[in-house]
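Presented below is the structure to which this report refers.
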Amino acid sequence: MAQKTPPSISDDAVRKATAKTWPQWFSLLDKAGAKKMDHKQIVAHLDERYDFSGWWKQMVTVSYEQARGLRAKHEKPGGFEISRTKVIGVPIERLYGAWKDKRVRKKWLPDGDFTVRKATPHKSMRITWMDGATHVDAYFYEKGAARSQIAVQHKKLPSAKEADAKKAYWAETLQQLKQVLEA
């Protein structure tokens, strides 16, 4: 069983969006038998009985699972997943190019000989990571004429320990990318 984790969203925010607090949600879901349901079943239960957005139904479900020790932090049905973002002072074309061009990529990601499965220029890349088992999605956002943001999601990680390691890895790697591109 996973470690119990308190909700990362405030009680005020969940009440504003759903008309209930975390203790109220957890009590209602306990009474409904949600401890024995999988993720889809909990969401379906909420969908049948309550009228608020699907995004909030997912948040209530994940927060419940984490609070009850049914799901670890960063855990998804297909493994663990982390994300990191970084704003970099270059146009989006240059940021995207630093991922696409292997010679430039070697400067900030020396071990990064990954496989691009699908790419939309200046918008996204879907990548099979060099381990062959995990996936990285890279999203590129324009933040003005000379500023861009990279958002990285590393998916299908095998454990919470690996998720924590990749979170630190991507923080360091995106900082290195920023240093290379802004030099």
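Residue pairs whose Cβ atoms lie under 6 Å apart, separated by 6 or more positions or on different chains, with the first residue in the range 46-66 and within 14 Å of TRP22 (Cβ to Cβ) and free of Cβ contacts under 8 Å to residues at least 60 places away in the same chain and the second surrounded by 15 or more Cβ atoms within 10 Å (Cβ to Cβ) and polar (S, T, N, Q), are TRP56/THR18. Inside the range 17-33, residues that are of a type outside the set (S, T, N, Q) and more than 24 Å from the chain's Cα centre (by Cα) make up a count of 9. Kindly evaluate LEU109 against the criterion of being closer than 21 Å to GLU172 by Cα and surrounded by 17 or more Cβ atoms within 10 Å (Cβ to Cβ). Yes. When each of GLN179, GLN149 is tested for being surrounded by fewer than 16 Cβ atoms within 10 Å (Cβ to Cβ), under 16 Å from the mean Cα position of the chain (by Cα) and on the phi < 0 side of the Ramachandran plot, the lone residue that passes is GLN149.
Of the helices (runs of 4 or more DSSP H) lying entirely inside the range 83-183, those containing at least 1 residues that are over 30 Å from ALA72 (Cα atoms) and in contact with a strand residue (DSSP E or B) (Cβ under 8 Å, 6 or more places away or on another chain) are 92-100, 160-182. Residues in the range 131-163 that are without any contact (Cβ under 8 Å) to a residue 60 or more places away in the chain and over 21 Å from LYS118 (Cβ atoms): LYS143, GLY144, ALA145, ALA146, LYS161. Scanning the range 117-139 for residues that are surrounded by fewer than 17 Cβ atoms within 10 Å (Cβ to Cβ), aliphatic (A, V, I, L, M) and more than 13 Å from GLY97 (Cα to Cα) yields MET130, ALA133. Pairs meeting the criteria (first residue in the range 78-94 and more than 15 Å from LYS123 (Cα to Cα) and at pLDDT below 95, second residue of a type in the set (Gly, Ala, Ser) and assigned to a loop (DSSP other than H, G, I, E, B), beta carbons under 7 Å, at least 6 apart or on different chains) are PHE80/SER159.
You will find that of LYS107, LYS40, the residue that is of a type in the set (D, E, K, R), within 28 Å of ALA160 (Cβ to Cβ) and either touching a residue at least 40 places away in the same chain (Cβ under 8 Å) or not assigned by TED's automatic domain parsing to the domain that holds VAL152 (or both) is LYS40 and no other. Just a yes or no: is a residue in the range 64-78 of a type outside the set (A, V, I, L, M), surrounded by 13 or more Cβ atoms within 10 Å (Cβ to Cβ) and touching a strand residue (DSSP E or B) at 6+ places or on another chain (Cβ under 6 Å)? There is at least one residue in the range 64-78 that is of a type outside the set (A, V, I, L, M), surrounded by 13 or more Cβ atoms within 10 Å (Cβ to Cβ) and touching a strand residue (DSSP E or B) at 6+ places or on another chain (Cβ under 6 Å).
The values are calculated or read from the model by the stated rules, or taken from the named source; none is laboratory data. Quantities reported herein were computed from a predicted structural model and do not represent experimental measurements. FYI the Cβ positions are ideal-geometry reconstructions off the backbone, even for glycines, and counts take in every protein chain you see.
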